[in-house]
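Student: Before we start, here is the structure in question, set down as structure tokens.
The values are calculated or read from the model by the stated rules, or taken from the named source; none is laboratory data. Computed from a prediction, not measured in an experiment: that's the story for all the values here. Cβ placement follows ideal geometry from the backbone for every residue including glycine, while neighbour counts extend to all protein chains displayed. In case anyone asks, the SASA skips ligands and DNA or RNA and just uses the protein heavy atoms, side chains included. Shrake-Rupley method; radii C 1.70, N 1.55, O 1.52, S 1.80 Å.
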Amino acid sequence: MSYSFIKFNDEIIDSKVMMELTDLTRLLFKDKDVSVSVRKHSYYNPYVNTVYVSTFWKHRYDITELEGFRHDILTRFPSASLFDYEAFETAKDRDILFQQIFLTLEHYRNRIESIRQRPFIKQMIASGDAILLEEYRKQSTNDAESLLKTLNTAVLEYENHFKAGDESLSIISRSTTDSIAITEQIISAAAPRDRLSGYHQIHDMPFNDISAYNHTTPFRKDRAELQSENDENDISHDTGRVDTKTDRDAEDAAMLGETGDNTARKSRHNVENDYDDDVEDYHEGFGRNRGDNRMRDTGAANIHAELLIRKPKIKMTNYGNYRKIYDFYNDLAQKVIGDITKILNFKMNEFQSNRSTGKLMKNPTGAIVSGSHKIFTKKISESKEVDAAFSIILDQSYSMTDHMEECINGIIIINNILKSLGIPQRIVSHHEDSFEIMSDHYPNYLYEHLNFDRSRYYYPVSLLDIEASGDNRDGFIFRHETEILNRRMEKDKFMIIFSDGLPSAEQYNQSGIIDTHEAVNEARKNGINVINIFIDVANEENTRDAIKNIYGQNTVIVENPEEIGYILPNIIERVIKSLVI
């Protein structure tokens with residue numbers, strides 16, 4: 001996938017902006033699972049745990065979209081704990097004007113509470129408030145719209161009272177129930193002759209979702225008395241907002257006849273032999289594992305994703321092909337191996353001189369003449385091994401078809417270097433199978449070509465049998481590999497990722513970039529160094545910027561895939577030297 005923007009209801013949002021907004025939202029909400037999306041009006045939906053920022057801030061000359069979106073988040077973050085959502089049921093079946101006045105008063109409570117918690121917010125939202133004030137002061141089409149705009153103007157000006165008809169009413173609400181009572185008073189006093197159309201509404205709230213939330217939230221006091229819902233009804237599954245490449249790739253793959261081998265993968269009941277690369281025990285194509293090899297990610301972006309681990313068998317005919325690739329790049333690998341080995345040998349035999357204890361120096365004359373008592377040396381006994389572990393991850397999605405051979409060659413070179421230096425490694429490839437996808441089931445296959453235990457003695461020959469297909473749910477896979485690396489005892493841990501663009505999978509374009517960014521950050525927080533080998537044939541600046549936002553400075557951009565075999569040895573050498581020097 002090569003798009004660097006996220007599409008929300010036909011609005012294109014810069015992925016970097018969405019990452020910043022998501023980080024801010026999770027900080028303020030104190031909830032690592034809350035997400036951010038874009039709609040016409042801004043509000044927080046507790047049922048899907050999502051903050052919606054308004055498209056009102058798009059395409060403006062007087063404020064950047066980031067500042068506008070931030071304004072919405074800063075004025076709504078107390079919603080989750082401040083609102084009494086059961087009381088919202090009272091407004092569910094009322095007319096639009098009643099709902100708009102009620103939501104205005106609740107929004108005022110939100111603003112007051114956000115400023116009380118973080119006083120600096122008042123200054124941060126001032127520019128956005130000024131733009132909204134100008135909007136609300138525009139001429140109204142009827143008295144209902146005028147009433148709503150005047151009330152919202154009073155909110156932005158932090159008024160305590162609002163004149164409705166001949167009465168001056170307090171608009172400082174202490175609770176959701178209080179907001180409902182004040183709404184009744186305002187409508188009664190103002191007595192608008194006209195009805196408010198949905199076109200003129202300022203706020204929004206999906207009352208049906210609120211009703212569903214009240215029946216499913218674990219915080220309800222009477223939830224034990226509620227009838228349980230079906231799982232598929234408990235999960236909001238909005239399929240209308242996201243544009244993915246799954247359908248396009250499925251059609252392209254079908255045209256190429258790619259579906260032929262996929263039918264064999266659909267059965268989960270085959271029994272297979274354990275992974276082995278003994279030439280006497282081979283199997284054409286990918287095999288299947290025994291036992292429970294499925295994993296689910298409970299995060300919102302991957303709620304329907306399932307990880308299915310496969311240990312591919314090796315075609316006997318691939319051994320000769322692997323040897324040819326190995327030999328072709330062996331000189332480059334051996335140069336790196338030789339340089340690192342020299343450094344390790346030197347450090348193992350290095351001496352510390354001018355010590356106060358140890359073995360007498362061969363020529364202590366200089367120290368004695370200067371009056372120093374430090375005339376001894378001591379040998380530094382360091383291990384000759386590099387205390388590190390590597391997880392190498394290959395994107396096996398359909399878009400990698402044209403670059404797969406070069407990436408595999410690069411991985412073979414890395415394997416040669418690490419194996420010769422005795423560094424344990426794990427090599428996997430992954431894709432989401434677009435032909436097996438159902439509405440609530442997104443199968444993601446992870447193929448283990450080499451695991452840590454076998455990496456000292458075996459080669460990842462099964463790489464040569466890879467067929468690119470489907471999509472790439474990167475964040476989902478990275479978390480799994482992070483868990484595996486976390487169980488390793490090595491001092492330094494690395495994750496090297498081969499990909500040709502941004503993550504893309506079923507219901508994942510909207511949140512995939514953010515989810516992958518978070519997965520990379522989680523890995524780094526666990527002490528894992530993440531390096532991305534980005535195949536950038538298209539040379540799209542926006543995609544490059546998005547990739548750098550996800551992976552940071554550890555992004556290696558390769559414009560010509562044929563250069564991978566010559567670039568990687570230098571990269572691996574620099575990485576290993578940083579560990580031993």
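Student: In nm, to one decimal, how far is the modelled label at Phe120 from the one at Lys40, with both set 7 Å along Cα→Cβ?
Tutor: It is 3.6 nm.
Student: What percentage of the solvent-accessible surface of segment 15-214, computed with a 1.4 Å probe over protein heavy atoms, is contributed by carbon and sulfur atoms?
Tutor: Roughly 47 percent, rounded to a whole number.
Student: Gain in length, Ala189 to Ala538, computed as 0.36 nm per residue apart minus the alpha-carbon separation, to one decimal in nm? Before the final figure, lay out each step's value.
Tutor: Working: separation 349, 0.36 × 349 = 125.64 nm, distance 6.34 nm.
Gain on stretching Ala189 to Ala538: 119.3 nm.
Student: What FRET efficiency would be calculated for the residue pair Lys138, Ile557, taking the C-beta separation as r and a Förster radius of 60 Å, to the nearest 0.05? Before the final figure, lay out the partial values.
Tutor: Numbers: r = 48 Å, r/R0 = 0.80.
Taking R0 as 60 Å, the efficiency between Lys138 and Ile557 is 0.80.
Student: Please work out the average accessible area per residue across segment 15-214, using the 1.4 Å probe convention, and give it in Å².
Tutor: Numbers: 9110 Å² over 200 residues.
Counting only protein heavy atoms, the per-residue value for segment 15-214 is 46 Å².
Student: Quick one: if the Förster radius is 51 Å, what FRET efficiency do Thr64 and Phe346 give, using the C-beta to C-beta distance and rounding to 0.05?
Tutor: 0.40
Student: Still on this model: Heavy atoms only, probe 1.4 Å: what % of the accessible area of segment 381-499 goes to carbon and sulfur, would you let me know?
Tutor: On the way: 1530 of 3510 Å².
That share works out to 44 percent.
Student: Here is a further query. How much length, in nm to one decimal, is gained on full extension between Ser168 and Asn330, taken as 0.36 nm per residue of separation minus their Cα-Cα distance?
Tutor: Taking Ser168 through Asn330 to full extension adds about 49.8 nm, to one decimal.
Student: Starting with the highest mean, order 309-317, 466-474 by the number of other Cβ atoms within 10 Å, averaged over the residues of each peptide.
Tutor: On the way: 309-317: 19.3, 466-474: 25.1.
Answer by packing, highest mean first, reads 466-474, 309-317.
Student: Under 1.5 on a/c is rounded, so check that first for segment 83-202, then, if it is not, pick prolate when a/b is larger than b/c and oblate when it is not; a ≥ b ≥ c are the square roots of the alpha carbon gyration tensor eigenvalues.
Tutor: Oblate, since a/c reaches 1.5 and b/c is not below a/b.
Student: Continuing with the same structure: Note down the net charge around Lys16, summing +1 for each Lys or Arg and -1 for each Asp or Glu among other residues with Cβ under 10 Å from its Cβ. Walk me through the intermediate numbers first.
Tutor: Details: positive: Lys548; negative: Asp14, Glu20, Asp545.
Charge balance in the 10 Å sphere: -2.
Student: Give the separation of the Cα centroids, segment 71-133 to segment 138-159, in Å.
Tutor: Each part reduced to its Cα centre gives a spacing of 15 Å.
Student: Looking at the square roots a ≥ b ≥ c of the eigenvalues of the Cα gyration tensor of segment 423-567, which shape do they give, rounded for a/c under 1.5, prolate if a/b is larger than b/c, or oblate?
Tutor: Cα axes put segment 423-567 in the rounded bin.
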